[in-house]
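Comments concern the structure below.
What follows is calculated from the coordinates using simple rules that are stated; it is not laboratory data. Just so we're clear, the structure is a prediction, and the values are computed from it rather than from any experiment. FYI the Cβ positions are ideal-geometry reconstructions off the backbone, even for glycines, and counts take in every protein chain you see.
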Amino acid sequence: MNRNQGNKAPNGSDSPARNPFEALAGLGDLPAGPAGPPDAAAAKISQRGQKNTNRGRVDIVRQTAHRGGKGVTVAKNFVGIGLPEKQALAKLMQKACGVGGTVKDGCIEIQGDKREEMKRILTEAGFKPVFAGG
């Protein structure tokens, strides 16, 4: 079969194959499709019009192990959020606390004992922060 034989209609004529969607042109009373892509703000608001305030429990722990005695505050056990959102939360916490921090192994680490500031930011983001550990 050469290239030109593939474009012939199944009945053997030289016209190209029939368009399978041409029958839809006769249906004039179909509803219009969606106006456009949903905006990002609507995705973070629940169906009742209220901001989502139950995004799960997050543990806040203060650690000094393997850091030469320096303390860090770690937020862990995030459920249902991806790495970009964790990085955005970490950046927000760093600016609010005035310290450095990072995202490692799915946990947000902020330098120093900043548990209260982290709790406030996580509560505003819709999480339920809990102080864990001693």
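Below is a table of values for the structure above.
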| read-out | value |
| --- | --- |
| Spin-label model distance (nm) - Thr64 vs Ala32, 7 Å beyond Cα toward Cβ | 6.5 |
| Gain in span if fully extended, Lys95 to Ile81, counting 0.36 nm per residue against the direct Cα distance | 3.0 nm |
| Chain lengthening between Val130 and Leu24 when straightened (0.36 nm per residue, less Cα-Cα) | 32.5 nm |
| Peptides 101-114, 73-86 ordered by average Cβ neighbours within 10 Å, highest first | 101-114, 73-86 |
